[in-house]
1. Name the pairs: first residue in segment 212-227 and over 16 Å from Arg6 (Cα atoms), second residue part of a helix (DSSP H, G or I) and among the polar types (S, T, N, Q), Cβ to Cβ under 7 Å, at least 6 apart or on different chains?
2. Does segment 150-160 hold any residues that are open to solvent by 20 Å² or more (accessible area, probe 1.4 Å) and closer than 14 Å to Gln5 by Cα, and which are they?
3. Looking at segment 211-235 only, could you name the residues that are open to solvent by less than 20 Å² (accessible area, probe 1.4 Å), touching a Phe, Trp or Tyr at 6+ places or on another chain (Cβ under 8 Å) and of a type outside the set (A, V, I, L, M)?
4. May I ask you to list the residues in segment 112-139 that are open to solvent by less than 40 Å² (accessible area, probe 1.4 Å), at pLDDT 95 or above and either under 16 Å from Ile210 (Cβ atoms) or in contact with a Pro (Cβ under 9 Å, 6 or more places away or on another chain) (or both)?
5. Looking at (1) in contact with a Lys or Arg (Cβ under 8 Å, 6 or more places away or on another chain); (2) farther than 17 Å from Lys158 by Cβ; (3) modelled with pLDDT under 90, which is the one condition that is false for Val15?
6. Return the only residue of Leu208, Leu171, Leu185 being surrounded by 15 or more Cβ atoms within 10 Å (Cβ to Cβ) and not aromatic (Phe, Trp, Tyr).
7. Since Met76 meets every condition but one in (1) of a type outside the set (Phe, Trp, Tyr); (2) under 12 Å from Met16 (Cβ atoms); (3) under 16 Å from the mean Cα position of the chain (by Cα), which condition does it not meet?
8. Give the residues of segment 76-109 that are of a type in the set (Ser, Thr, Tyr) and open to solvent by 10 Å² or more (accessible area, probe 1.4 Å), sorted by residue number.
Amino acid sequence: MAKYQRILLKLSGEVMAGHGSFGVDPARVKALAEEVSEVARAGVQIGLVVGGGNFFRGVAAAAQHMDRVAADHMGMLATVINALALQDALEQQGVPTRVMTAITMNEVAEPYIRRRAIRHLEKGRIVIFAAGTSNPYFSTDTAATLRALEIKADVIAKATRVDGVYDRDPLKFPDAVRYPEIGYLEVLARGLAVMDASAVAMCRDNKLPIIVFNLTTTGNIMRMSMGEPIGTTIH
């Protein structure tokens, strides 16, 4: 029995690239779609937000001489590419999926309308929210938090390359200590780079728990959905 009825799963764009640093790796996307569809068949309503870092990141070196607003809009369009790739992979698994974008592009996706998104979820469709919030200077972490609150998700699950929140970067420091759970205020006060500070503050103000877990371990999305103690819970 799933612990959460409705979750918002936040994926980085880099996840879509697999072992590469750019583009979409079909094998990685297929494996990801298999995991997500298994959770959906277990009765969990799933909203997805995927970043665009595998194509373009507004704050990256490639964008350093660009106008920030233009660069951020390019990043939003990159998230749409990822959303369409993920939609195709999910529907090949037999799971009905809708892409909803904050930037209107009627030929490829539905415009984001909150009530329609909730209705899709209630009908058992996976909803992928693309193009961020449509506003520059907001990250996909903030967009994911906003969508999670709007659709009344029970939890926001941040899928990363590490198995939770550490006191320092575990990829650089082997003696880094993982927190099984931690408070919003401690994350903000210590500057732990889990999510953007604005996203964490929004979760704190609205009492929305965050689970940070390792996506590279097969089956972790299901374990998280069932309430198994994996990763770190921020509450």
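1. Within 7 Å, the pairs are Phe213/Asn220; Asn214/Asn220.
2. In the first step, residues of segment 150-160 are kept if they are open to solvent by 20 Å² or more (accessible area, probe 1.4 Å); the result is 150, 152, 154, 158, 160.
Answer for segment 150-160, where residues must be open to solvent by 20 Å² or more (accessible area, probe 1.4 Å) and closer than 14 Å to Gln5 by Cα: Lys152, Asp154.
3. Answer for segment 211-235, where residues must be open to solvent by less than 20 Å² (accessible area, probe 1.4 Å), touching a Phe, Trp or Tyr at 6+ places or on another chain (Cβ under 8 Å) and of a type outside the set (A, V, I, L, M): Asn220, Ser225, Gly231, Thr232.
4. Across segment 112-139, the qualifying residues are His120, Ile126.
5. Among (1) in contact with a Lys or Arg (Cβ under 8 Å, 6 or more places away or on another chain); (2) farther than 17 Å from Lys158 by Cβ; (3) modelled with pLDDT under 90, the lone unmet condition for Val15 is (2).
6. Working: Leu171 fails: surrounded by 15 or more Cβ atoms within 10 Å (Cβ to Cβ); Leu185 fails: surrounded by 15 or more Cβ atoms within 10 Å (Cβ to Cβ).
The unique qualifying residue is Leu208.
7. (2)
8. Step one: list which residues in segment 76-109 are of a type in the set (Ser, Thr, Tyr), which gives 79, 97, 101, 104.
The answer is Thr104, and nothing else.
The values are calculated or read from the model by the stated rules, or taken from the named source; none is laboratory data. Computed from a prediction, not measured in an experiment: that's the story for all the values here. Neighbour counts are summed over all protein chains in view; Cβ atoms, including those assigned to glycine, are modelled from backbone coordinates with ideal geometry. Side chains included, ligands, DNA and RNA excluded: accessible areas come from the protein's heavy atoms. Shrake-Rupley method; radii C 1.70, N 1.55, O 1.52, S 1.80 Å.
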